[in-house]
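Student: Here it is: the structure, laid out below.
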Amino acid sequence: MPQSRATIERRQLGAELRRLREAAGKSQKDAAAVIECDTSLISRLERGQRSLKVLELSALLDFYGVDGESRRRVIEIAQLARQRQPRRTYADSLPGAFHRLLDHEQDAAELLFAENELIPGLLQTEEYIRALMRIGRAAIFDSPPHDIEDRVRFRLQRQELLSRPSPAEMWFVIGEAALRRPLGSKSVLRRQLHHLQDLIEQHPHLTVQVVPLSTVDHPLLGGSIEILRFDGRAPDIVYQPTFTGGGVYISEEPDISTCTRAFDRLRAVALGPEESRLFVAKCAKELADGP
C-alpha cells in the first residue's frame, strides 16, 4: 500500500486531535455532535484515516478550547494533511515533533532501532539523558532550564513504551562506540550499561545487538534510523532524527524496503543477542575496574 506525505500528516493530525479531545474531557460522541457527523467518522479521523475541512477543524478546536501556539500548530499540520502531492520524505520540524513520534510508536507493532554513537533514547537512564542535554541543548542551543526539564520528562515518559501492557516488539542494534563513550563521566556510562543489562534481563520483547568497532561491512555507518511497523494496520514508516531536534519521515515503499534491507544486513553482521549481552557486561566491568 503506497503512502504519501499527507498520510503521515493525517496520522499526526488525528493523534493531536485525540490528545486535545481527551485533555478537554470530551467524548468522541461529543465531538461528532459539534461537526454533525457520525461517531465512527471521529474515530477514523483520530486514526489518521480522514482529514477535515477548515470549518470542521475550527469548530473542533473551539469546542476543545484550543488557542495560541497549540492551535497554530494543529492548523499547520491540517494544511499539510490536505496536500495531495506525494513526497518521498517529510521533515517534521514543528513544535511537538517528538510527541508526534511517540504517537506513531504507541501504535506500532514492532520498532527497530539502529544507533551508532549513543545509547538509544528508550534505553537511557535519567542521568545519561541529563548529560546529553547538558552538552547538547544547553551548550549548543542555549536552551533554558525549563526547556531541558520538559525534554527530560518527555524522554522518561516515552520509556513507558517498554513496560506497557502488550508492548511492541523492539530490536536495538547499537554501535560499540555508544558503549565506550563516557557521556558526562565514566560513572554515568557505567550505570547506564548496568541499566541496559537490567532491561535486557527484564523485557523479553526487547532484543539488543552490538556492532563491534572491528566490523568491516557496516551498512548504516554515519546515522541512526527507526523503522516503525504496524502489522498491516497502516503502512510502515522510517524515522531519522535530525541534529536540530526534529526528524525526517521516509514514507515511500521502495525507500522503506531499502532501509529494512540495510537494517537486516546490520543485524546479520552484529553480535548475536547473547554475545551482545556479554559484551555489554564486559564493557561495564572494564569501567568498574578502570581508573
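Student: Please verify whether region 259-281 includes one or more residues that are surrounded by fewer than 19 Cβ atoms within 10 Å (Cβ to Cβ) and polar (S, T, N, Q).
Tutor: Checked against the condition, which is being surrounded by fewer than 19 Cβ atoms within 10 Å (Cβ to Cβ) and polar (S, T, N, Q), region 259-281 yields at least one hit.
Student: Restricting attention to region 99-109, which residues are surrounded by fewer than 20 Cβ atoms within 10 Å (Cβ to Cβ) and modelled with pLDDT under 90?
Tutor: His99, Leu102, Asp103, Gln106, Asp107
Student: Could you count how many residues in region 243-291 are of a type in the set (Asp, Glu) and not in a helix (DSSP H, G or I)?
Tutor: Kept after step one, since they are of a type in the set (Asp, Glu), are these residues of region 243-291: 252-253, 255, 264, 274-275, 286, 289.
Applying the additional criterion that residues be not in a helix (DSSP H, G or I) yields 252.
Qualifying residue count for the region: 1.
Student: Can you find a residue that is farther than 30 Å from Ile8 by Cα and touching a residue at least 60 places away in the same chain (Cβ under 8 Å) anywhere in region 134-155?
Tutor: Within region 134-155, none of the residues are farther than 30 Å from Ile8 by Cα and touching a residue at least 60 places away in the same chain (Cβ under 8 Å).
Student: Return the residues of region 132-165 that are of a type in the set (D, E, K, R), buried (at least 17 other Cβ atoms within 10 Å of the Cβ) and modelled with pLDDT of 70 or more; say none if nothing qualifies.
Tutor: Arg151, Arg155, Arg158
Student: Which residue, of Ser27, Ser40, Ser70, is modelled with pLDDT of 90 or more, under 28 Å from Gln157 (Cβ atoms) and surrounded by fewer than 19 Cβ atoms within 10 Å (Cβ to Cβ)? Don't jump to the end; show me each part of the working.
Tutor: Working: Ser40 fails: under 28 Å from Gln157 (Cβ atoms); Ser70 fails: modelled with pLDDT of 90 or more.
Just one listed residue meets the conditions, Ser27.
Student: Here is a follow-up. Taking Leu112 and the conditions (1) at pLDDT 90 or above; (2) part of a helix (DSSP H, G or I); (3) surrounded by 19 or more Cβ atoms within 10 Å (Cβ to Cβ); (4) not β-branched (Val, Ile, Thr), which numbered condition does it fall short on, given that it satisfies the others?
Tutor: Every condition holds for Leu112 apart from (2).
Student: May I pose another question? Name the one entry in Val210, Val238 that is at pLDDT 90 or above, part of a strand (DSSP E or B) and over 28 Å from His99 (Cβ atoms).
Tutor: Going through Val210, Val238 in turn, just one is at pLDDT 90 or above, part of a strand (DSSP E or B) and over 28 Å from His99 (Cβ atoms): Val210.
Student: Tell me which residues, restricted to region 185-211, are over 23 Å from Glu160 (Cα atoms) and surrounded by fewer than 16 Cβ atoms within 10 Å (Cβ to Cβ).
Tutor: Those that are over 23 Å from Glu160 (Cα atoms) and surrounded by fewer than 16 Cβ atoms within 10 Å (Cβ to Cβ): Ser185, Lys186, Ser187.
The values are calculated or read from the model by the stated rules, or taken from the named source; none is laboratory data. Because the structure is predicted, anything quoted here is derived from the model rather than measured. Note: ideal-geometry Cβ built from the backbone for every residue, glycine included; neighbour counts use all protein chains shown.
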